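Here the structure is laid out as structure tokens; the discussion comes afterwards.
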Protein chains: 2
Amino acid sequence: MSRSRSDLIAETLEDEILRGRFAPGTRLDETRLAEEHGVSRTPLREAFQKLAAAGLIEQQPRRGVFVREVGAVELLEMFEVMAETEASCGRLAALRISESALADLDAANARCREALEAGQSDAYYRENEVFHHLIYAQSGNRFLAAEAARLHRRLKPFRRTQLHLRGRMAQSMSEHLEIVEALRAGEADRCAALLRAHVAVQGEKFHHLMAGLRAAE
Amino acid sequence: MSRSRSDLIAETLEDEILRGRFAPGTRLDETRLAEEHGVSRTPLREAFQKLAAAGLIEQQPRRGVFVREVGAVELLEMFEVMAETEASCGRLAALRISESALADLDAANARCREALEAGQSDAYYRENEVFHHLIYAQSGNRFLAAEAARLHRRLKPFRRTQLHLRGRMAQSMSEHLEIVEALRAGEADRCAALLRAHVAVQGEKFHHLMAGLRAAE
DNA sequence: AGTCAAGCTTTCGTATACAAGACTTGAGTT
DNA sequence: AACTCAAGTCTTGTATACGAAAGCTTGACT
């Protein structure tokens with residue numbers, strides 16, 4: 001399965017939306033973007049269909065397409081689903097994980113610890129991502145892993161800032177160690193519960209942030 | 001958010017694919033389908049983009065679009081994710097379900113029992129669906145409920161035949177009762193485990209069917 | 001008879017043209 | 001002065017046209 005032109009445009013736009021080039025609610029101008037990509041409106045509109053299906057934009061007939069605004073409620077819902085999905089990955093991984101994957105997790109955690117001790121939250125963030133993607137893969141379920149990665153990516157813009165919160169990095173680190181312990185022991189339910197809590201915290205932190213913002217208004 | 005023309009075409013095609021009008025692997029002829037829907041190729045191709053994003057068709061550049069063939073492995077993976085997703089719905093519903101929703105579930109189960117006693121597997125199938133969708137909704141998480149419904153729909157063609165298997169209807173019925181019990185008691189973990197098992201059975205049954213088919217070759 | 005190549009046909013991908021709905025702006029009225 | 005309505009402009013949605021690539025057919029050569 002090769003990639004077509006509109007696929008590439010869709011990917012680029014998705015990236016730009018997730019990276020914040022287009023603020024939520026912004027109207028995406030077909031003509032302007034077509035020019036920018038050096039194509040006509042046709043392939044651009046095809047890319048729009050893909051983004052709409054992925055839930056990133058909203059098409060209002062005869063009005064145009066707009067970057068979807070995800071409200072606070074929906075965002076919290078997505079964080080909750082992320083927690084449940086990671087829990088599922090953990091549950092299955094606990095039953096299926098290989099020795100070499102356990103070693104990979106240990107290695108990722110070692111790099112996490114280095115970043116933590118050096119106080120480099122960017123590096124921690126990267127290695128944290130590796131850790132989680134390893135667990136997705138070790139669920140032994142490619143479909144599940146893909147869904148997890150998709151949602152992870154979708155939530156990325158909202159997760160990024162959270163490690164800076166006081167003490168989170170250290171706590172996250174120790175949770176990682178517990179999770180690997182549960183995986184190594186093959187304790188599916190415990191691993192699921194640990195991952196659920198580990199991820200759910202992000203939703204809660206986000207909740208706090210939101211509450212803070214609203215109070216400041 | 002209103003629906004555009006290509007949305008309607010995409011929905012129709014999705015329905016036709018899931019209903020089996022187009023066998024997996026079939027090539028979808030743009031020109032023919034455009035004629036059939038009384039439009040030009042443009043809106044049809046836009047519909048294709050949506051279906052491709054939903055994973056229902058595969059676009060091979062310069063070759064055409066084909067109804068995706070989901071292999072046995074992927075199908076089992078999807079069943080597994082369905083089980084995990086329903087478990088998540090159950091877990092959250094156990095914490096959040098309302099009295100009136102519990103009554104609705106009782107009512108759905110009563111109708112299931114009627115169908116069971118009358119031996120009407122079609123009616124049972126319908127009421128079973130109502131039961132499960134009620135639980136999706138009672139997760140109190142619209143995003144999760146939508147994901148669950150989406151996957152449920154995707155698996156529909158492969159689930160349909162399974163109630164005919166010997167004794168499955170009666171067993172399914174008694175599992176429903178246990179699930180409601182757990183929901184009423186607010187036992188989140190137990191409810192999740194019950195739903196996981198209840199749904200996972202479908203994947204296993206499917207596995208048996210597949211094994212049978214392969215043996216017959 | 002089989003194989004390979006060249007031309008032809010078909011179909012895809014994209015640009016462009018056109019029609020119809022929505023927004024804007026300006027004048028007129030209350 | 002504010003509101004309404006209408007004409008004009010802009011943008012979207014769809015059809016059509018055109019270039020290019022893949023596959024098929026046919027014919028020649030081994």
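The values are calculated or read from the model by the stated rules, or taken from the named source; none is laboratory data. Just so we're clear, the structure is a prediction, and the values are computed from it rather than from any experiment. Counting neighbours? That spans all protein chains shown, and the Cβs are built from the backbone with ideal geometry, glycine included. Only protein heavy atoms, including side chains, enter the accessible area calculation; ligands, DNA and RNA are left aside. Shrake-Rupley method; radii C 1.70, N 1.55, O 1.52, S 1.80 Å.
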Inter-residue pairs, beta-carbon under 7 Å, first within 14 Å of another protein chain (Cβ to nearest Cβ) and without any contact (Cβ under 8 Å) to a residue 60 or more places away in the chain and in segment A:85-109, second assigned to a helix (DSSP H, G or I) and open to solvent by less than 50 Å² (accessible area, probe 1.4 Å), 6+ apart: A:R96/A:Q138
Hey, B:E84 away from DNA strand C (no atom under 15 Å from the Cβ), touching a helix residue (DSSP H, G or I) at 6+ places or on another chain (Cβ under 7 Å) and not hydrophobic (A, V, I, L, M, F, W, C) or not: yes
Those residues of segment B:32-42 which are open to solvent by less than 30 Å² (accessible area, probe 1.4 Å), within 11 Å of DNA strand D (Cβ to nearest atom) and either closer than 21 Å to B:R62 by Cα or within 13 Å of chain A (Cβ to nearest Cβ) (or both), in sequence order: B:A34
Test for A:L76: is it more than 16 Å from DNA strand D (Cβ to nearest atom), closer than 30 Å to B:A200 by Cβ, more than 17 Å from the chain's Cα centre (by Cα) and in a helix (DSSP H, G or I): no
Only one of B:G167, B:G203 that is at pLDDT below 95, assigned by TED's automatic domain parsing to the domain that holds B:V81 and more than 29 Å from A:A193 (Cα to Cα): B:G167
Segment B:200-217 residues that are within 9 Å of B:A72 (Cβ to Cβ), paired with ones that are of a type in the set (F, W, Y) and modelled with pLDDT of 75 or more (beta carbon under 9 Å, 6 or more apart): B:F206/B:F79; B:F206/B:F158; B:H207/B:F79
Filtered residues of segment B:51-65 (kept if in contact with a strand residue (DSSP E or B) (Cβ under 6 Å, 6 or more places away or on another chain) and open to solvent by less than 40 Å² (accessible area, probe 1.4 Å)): B:L51, B:A52, B:I57, B:G64, B:V65
Lone qualifier among B:L183, B:L209, B:L195, B:L177 - being at pLDDT below 80, in the same structural domain as B:A108 (by TED's automatic domain parsing) and of a type outside the set (D, E, K, R): B:L209
Checking B:T26 against (1) touching a strand residue (DSSP E or B) at 6+ places or on another chain (Cβ under 9 Å); (2) within 12 Å of another protein chain (Cβ to nearest Cβ); (3) of a type in the set (S, T, Y), the condition it does not meet: (2)
For B:K156: the one exception among (1) within 14 Å of another protein chain (Cβ to nearest Cβ); (2) under 19 Å from B:G203 (Cβ atoms); (3) loosely packed, with under 15 Cβ neighbours inside 10 Å; (4) not acidic (D, E): (1)
Long-range neighbours under 6 Å by Cβ, at least six apart or interchain, first residue outside any loop (DSSP other than H, G, I, E, B) within segment A:36-57, second open to solvent by less than 50 Å² (accessible area, probe 1.4 Å) and among the acidic types (D, E): A:R41/A:E30; A:L44/A:E30; A:Q49/B:E46
Qualifying residues in segment A:1-31 (those that are within 16 Å of DNA strand D (Cβ to nearest atom) and in a loop (DSSP other than H, G, I, E, B)) - the one most open to solvent (accessible area, probe 1.4 Å): A:M1
Yes/no for A:G119 being out of contact with any Pro (no Cβ under 8 Å at 6 or more places or on another chain), at pLDDT 95 or above and more than 9 Å from chain B (Cβ to nearest Cβ): no
Residues that are surrounded by fewer than 22 Cβ atoms within 10 Å (Cβ to Cβ) and not basic (K, R), drawn from segment A:189-202: A:D189, A:A193, A:A197, A:H198, A:A200, A:V201, A:Q202
Qualifying residue in segment A:81-99 (condition: over 19 Å from the mean Cα position of the chain (by Cα), loosely packed, with under 13 Cβ neighbours inside 10 Å, more than 16 Å from DNA strand D (Cβ to nearest atom) and part of a helix (DSSP H, G or I)): yes
Residue tally, condition among the aromatic types (F, W, Y) and either under 12 Å from B:L151 (Cβ atoms) or facing chain A (nearest Cβ under 9 Å) (or both), over segment B:52-83: 1
